[in-house]
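Below you'll find the structure, written out as structure tokens, and then a few comments.
The values are calculated or read from the model by the stated rules, or taken from the named source; none is laboratory data. A quick note: this is a predicted structure, and the numbers were derived from the prediction, not measured. Counting neighbours? That spans all protein chains shown, and the Cβs are built from the backbone with ideal geometry, glycine included.
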Amino acid sequence: MDARSLEESIRKDIENAANDQALEEARIKYLGRRGLVTSLLKNIKDAPPAERPKLGATSNRLKKLAESLIEEKLTVLRAAQPASRFYTPPHDATLPAHDGLTGHRHVLSKVFGEIKDIFVGMGYTLASGPQVELEYYNFQALNFPDEHPSRDEQDTFYITDDMLLRTHTSPVQVRYMEEHKPPLKIIAAGRVFRNESIDPSHAAEFHQVEGLYVDTDVALADLKKDVEIFIQQLFGSKTQVRFRPSFFPFTEPSAEVDMTCFVCRGSGCSVCGKTGWIEIMGSGMVHPNVFRAVGYDPDIYSGFAFGMGVDRVAMIKYGIDDIRLFLGNDLRFLSQF
Amino acid sequence: MLVSLSWLKKYVHIPTDTEQLTKDLTMLGLNVEQCIERGLDIDELVVGRVLEAKRHPNADRLTLCRVEVGPGDVRDIVCGAPNVAAGQFVPVALPGASLPNGMKIKRSKIRGVESNGMICSEIELGVGEDAAGIIVLDGEHELGSPAGKLLMPPDTVLEIEVTPNRPDLLSHLGVAREIAALYKLDVKLPRLGDIARADAPDFRIDIADATDCARYVGKRVSGVRVAPSPTWLSQRLEAVGVQSVNNVVDVSNYVMMELGQPLHAFDFVKIRGATIQVRRAEPGERIKALDGKAYELNKEVLVIADERESVALAGIIGGEESAVSEETTEILIESANFHPTVVRKGRKSLGVDTEASYRFERGVDREMCHLAAHMAAEMICEIAGGEIGAVVDNYPTPYEAKSIAIRESNTRRILGSPLTTPDIAGLLERFGLAVVNRSDEVVSVEVPSYRPDLVEEIDLIEEVARLYGYDRIGRGWNFRCTTFARAEAFDQFVEGVSNHLTARGFNEVIASAFTDGRELEDFEWPKGDLRRCPIPVRNPLNVNHKYLRTSLVPGMLEIIRRNIDHGVKRLRIYQVGKVFLAPEGLTQLPEEESTLTLAMSLPGGTDFWYDSRSELELFDIKRELEMLFGSFRVELGSDICYDFDGATGRFTYSSKEGTLVEGGIVTDRVARRYDLDQPVWHASVDLAKCYELCTRQERLEALPDYPASKRDLSLVGPKGVTYREIEKALVRHAGRLLESLVVFDVYRGENIPEECTAYGVRLNFRSAERTLRDEEIDRIIDKVISKLKNELGVELRS
Ligand SMILES: [Zn+2]
């Protein structure tokens, strides 16, 4: 075969190779150990010396040609052929694969989860109690006397004469202390109920987290430290915390806990009512009457309690201005968290 | 409680500016919610004197005045008020002044005559309600001097949040005491004239029950002239939110705001028999009160009565008939102490709430009665004329002074602050608590009558703490962690379930625990099902709060409907919440079951390109349940029954202990109620029962050493036999060598008998000890096939 027809044949065979296998066959045919181009090269030494340079140049040119054509063809074949037997290229890989319906935890669950994790890390155990509660646990045992104005702040849904929907999570404290001996360190969380008109900042149903620590020699100083650590964990280590005297029937001394406004950092803005402080929780030392109700000796044991609204914390944390959004369950709201 | 700083200054010196005072009071426990600046500060509002007043040449009703508004500065001003006259000192707004009502004063021509300012009325300046005439200033004043300060002196009013334990802070005197303690100052008590004048009384006071009424002081004032109050009095009351009525009523309110003692003034002439009786109301007794409303009384209500009938509701509100009116000249001042609970029950039963009842409910200082009555009498004489008459002080239950001891060691223990006995005594004395006894460890103090909140040692520890400063307590204190904790296993399970579902694309929702009960008819729960009788709420806020929910499903449907309204039509949601179940006639706390409800809903027709099916079906929700159970190793053993009702689409998983899962498709009847026109599948899981069924792998089971043998069977089940029945029998008879099985095909149609179903089942056999021989498996298969045939009529498909 002369050089020209050999070149034509190379070009044709490689061009016509429909797949890897055919291409490989073509490679063997020309470049294999007994391939046509290979034998051409081998035969140079048998040619007359005068023709050798020309023959050498031609053979080398054909070898290079065959190699580069195979390389090109291989790329073409790779592009046209699936990489896997189980694969067909999609018509348009940019199409979305998911309908956009992703799952999200409710923002209250998220916030509660954060709160819980912090407290568990500080040695608090989770406790719980019923939402339909006996009046005794909700009020009397917590040092709310009958017919006392302190009850006015907790408008109550009644079920029977002595059953009600708990107005706070504090009854869990009493139930837990009745069942356990100190030292104890618990948080209790859940739904609470107030019979009041609903508006952007008031709901008839909301959620609280309550903490209680009882041991010998627990002091107000311990309360301040625990609460400060918690708030700085939740809102950032630069947050300042202040305790100001207040009143709750079941704690004494009692304190309202404020933290520096995260919007203005304490200089005063509309979020904090220009005071630089945001009220975040109520707290105090467990009142001796509560200890007496559960049979603890207040001269031996002391303790602190604190409580906060999960809804309120979520509102503060995320700038939510309407408490009704939480139970409204608008997915356009829920899916933001 | 609104307190005026200028009023407070009557009792205590205030050594700081308002900003510092606000901070200090807040940190003492008197949370200042607001500071209101008062006063009339208007440029170009000056004192003028009317030199001449004559009729306007072109208008009968207008007066043309020449007014001197500064030494030698005389201007023509047109005035429309009927009471303007020469010689009066008046407030004049000069051109350039802007009035609180928005009016801007300009030089103008009124009916052809130039007017260079305006003589002002109360309403124009916002200092009163009188619009009929101009303000005429009492006395002589420097002409051209600012008139605003004369009309309304500058003042700052603090709004203080008073907690229910501190009734003493519902008065200026009480707040002054706290300020005195704060800055180590003394309270200046008012100086009063001879309090113990001994006129023979012309009336009697009978107290029926010394508990209901601990003390009743009646004091007479004769010959008064009832009239509007002087400006200073009405303004002072207005500053603290009390509306001016007349000079006598205003004085009684003034004394209440100052001393905290509610007072009432009777028109003495209207008290028949000159007898004051303090007694409970007779059932059916009626009274028309000062608020214009008629009240039907009951025996909870304590009344003041004359010899015929009730004339006032004790501690709550006066009666209209015996009230002070413009004709009144003879007055009886009531300054009494009524029992907190009696006043509270009474006013609640009548549905009224007044400044007086608010204070009595919280506890009023009974030692203050006489002083308050006397102060009021003196003020009335001074302002409304008249003369102080007789006083009757009926005091059946005198205040008994008590002392409380506070221990240094206990104070340190509770506060965690190294306070010493002298520190403690010093701090308490600043609050006006007299030290009656003192040792190295214990300080005893006497509790003043105005501090009903101080009952035991802890109350004193709190006083020490708040005056010492909460912010000073615990500085440098170290965090102690003496306990270790982890979440309870059940809580972890519920948390895990939530996270699993979220990852599966479900959105968590949290719904109200209440229901209006409308689901009762629609859901067709079986007779005897506790969900049919939800627990009613006694005092619901509205119809939505009528009952406690017995199922999460209705709330979820409501959520689905609302979201569809918003255009969100593809929904996968779940909720973990409590349902409340109890038999009717609740005698003990109801069962609160932790329930998980899933709901899935898609509108008809494909609306996402990648979904192969357009309608949701049973297996979509069932798959979610099975994945959940599988993931949490919930073992649905052979004692769990799965029931499915083809007609209604309802399914349950249940055991002897009750229902574990219940679900199905929302029926058309329910869908209509919730206005849903797309399918909703739902399932509710009893989480506690589900948790019980979770199996835990305690130790690793060795991975198999020997190969598995696989056999495919095509089993034809006759009509009425379910796959689950076949599977149960198959598992039972195949024995322990059967490792797993899977249904790879379900077929109905040609080549098999009508109404029968062919199931392609792949069985995996394996032994942990050896390689299984084919003959061994064949024997098992033969046995299984013959058992299935005998027990269920299942045939092997040829
Ligand atoms: Zn701010």
Just the residues that are surrounded by 14 or more Cβ atoms within 10 Å (Cβ to Cβ) and within 30 Å of B:GLU122 (Cβ to Cβ), please, taken from region B:204-229.
B:VAL221, B:VAL224, B:VAL226, B:PRO228, B:SER229
Mind counting the residues in region B:1-54 that are of a type in the set (Asp, Glu) and within 28 Å of the chain's Cα centre (by Cα)?
2
Filter region B:481-515 for residues that are aromatic (Phe, Trp, Tyr) and in a helix (DSSP H, G or I); the one that is farthest from the other protein chains (Cβ to nearest Cβ) is B:PHE493
Those strands (runs of 3 or more DSSP E) lying entirely in region B:1-100 with at least 2 residues surrounded by fewer than 20 Cβ atoms within 10 Å (Cβ to Cβ):
B:31-38, B:45-56, B:59-68, B:74-79
Can you name every residue in region B:403-420 that is in a strand (DSSP E or B) and either within 11 Å of chain A (Cβ to nearest Cβ) or over 14 Å from B:VAL435 (Cβ atoms) (or both)?
B:ARG407
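Each row is one residue, and each column tells you yes or no for (1) more than 37 Å from the chain's Cα centre (by Cα); (2) aromatic (Phe, Trp, Tyr); (3) surrounded by fewer than 18 Cβ atoms within 10 Å (Cβ to Cβ); (4) within 11 Å of chain A (Cβ to nearest Cβ).
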position	(1), (2), (3), (4)
B:GLY630	yes, no, yes, no
B:TYR642	yes, yes, yes, no
B:THR667	yes, no, yes, no
B:TRP681	yes, yes, no, no
Taking the condition under 44 Å from the mean Cα position of the chain (by Cα) and either at pLDDT below 90 or assigned to a helix (DSSP H, G or I) (or both), does B:ASP130 pass?
yes
Scan region A:313-325 and tell me whether some residue there is within 30 Å of B:ILE414 (Cβ to Cβ), more than 11 Å from chain B (Cβ to nearest Cβ), touching a strand residue (DSSP E or B) at 6+ places or on another chain (Cβ under 9 Å) and more than 16 Å from the ligand (Cβ to nearest atom).
yes
Quick one: B:GLU327 ticks every box in (1) part of a strand (DSSP E or B); (2) surrounded by fewer than 24 Cβ atoms within 10 Å (Cβ to Cβ); (3) not basic (Lys, Arg) bar one, so which box is it?
(1)
Restricting to region A:199-216, and then to whatever is in contact with a strand residue (DSSP E or B) (Cβ under 9 Å, 6 or more places away or on another chain) and farther than 13 Å from A:PHE306 by Cα, can you tell me which residue is farthest from the other protein chains (Cβ to nearest Cβ)?
A:PHE206
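Rundown of residues vs (1) within 7 Å of chain A (Cβ to nearest Cβ); (2) surrounded by 19 or more Cβ atoms within 10 Å (Cβ to Cβ); (3) not in a strand (DSSP E or B), yes/no style:
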residue: B:ARG538; (1), (2), (3): yes, no, yes
residue: B:LEU541; (1), (2), (3): yes, no, yes
residue: B:LEU557; (1), (2), (3): no, yes, yes
residue: B:ARG561; (1), (2), (3): no, no, yes
residue: B:LYS569; (1), (2), (3): no, no, yes
residue: B:PHE580; (1), (2), (3): yes, yes, no
Output the number of the condition that A:ASP258 fails; it satisfies all remaining conditions of (1) buried (at least 21 other Cβ atoms within 10 Å of the Cβ); (2) away from the ligand (no atom under 16 Å from the Cβ); (3) free of Cβ contacts under 8 Å to residues at least 24 places away in the same chain.
(2)
Residues being over 13 Å from A:ALA219 (Cβ atoms) and at the interface with chain A (Cβ under 7 Å from one of its Cβ atoms) - total across region B:459-480:
4
For A:ILE280, work out the one condition from (1) more than 16 Å from the ligand (Cβ to nearest atom); (2) assigned to a strand (DSSP E or B) it doesn't fulfil.
(1)
Screening B:ARG220, B:ARG197, B:ARG204 for residues that are closer than 19 Å to B:SER335 by Cα, out of contact with any Gly (no Cβ under 8 Å at 6 or more places or on another chain) and at pLDDT 90 or above leaves only B:ARG204
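Is it fair to say A:ARG191 is facing chain B (nearest Cβ under 9 Å), touching a residue at least 24 places away in the same chain (Cβ under 8 Å) and either part of a loop (DSSP other than H, G, I, E, B) or within 16 Å of the ligand (Cβ to nearest atom) (or both)?
On the way: facing chain B (nearest Cβ under 9 Å): yes; touching a residue at least 24 places away in the same chain (Cβ under 8 Å): yes; either part of a loop (DSSP other than H, G, I, E, B) or within 16 Å of the ligand (Cβ to nearest atom) (or both): no.
It is false that A:ARG191 is facing chain B (nearest Cβ under 9 Å), touching a residue at least 24 places away in the same chain (Cβ under 8 Å) and either part of a loop (DSSP other than H, G, I, E, B) or within 16 Å of the ligand (Cβ to nearest atom) (or both).
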Within region A:231-255, restricting to residues that are buried (at least 22 other Cβ atoms within 10 Å of the Cβ) and away from chain B (no Cβ under 11 Å), the one that is nearest to the ligand (Cβ to nearest atom) is A:ILE231
Can you pull out the helices (runs of 4 or more DSSP H) entirely within region A:46-149 that have at least 2 residues that are surrounded by fewer than 19 Cβ atoms within 10 Å (Cβ to Cβ) and not aromatic (Phe, Trp, Tyr)?
A:52-80, A:107-121
Against the conditions (1) away from the ligand (no atom under 16 Å from the Cβ); (2) crowded, with 23+ Cβ neighbours inside 10 Å; (3) not in a loop (DSSP other than H, G, I, E, B), where does A:TYR176 fall short? Just the number, please.
(2)
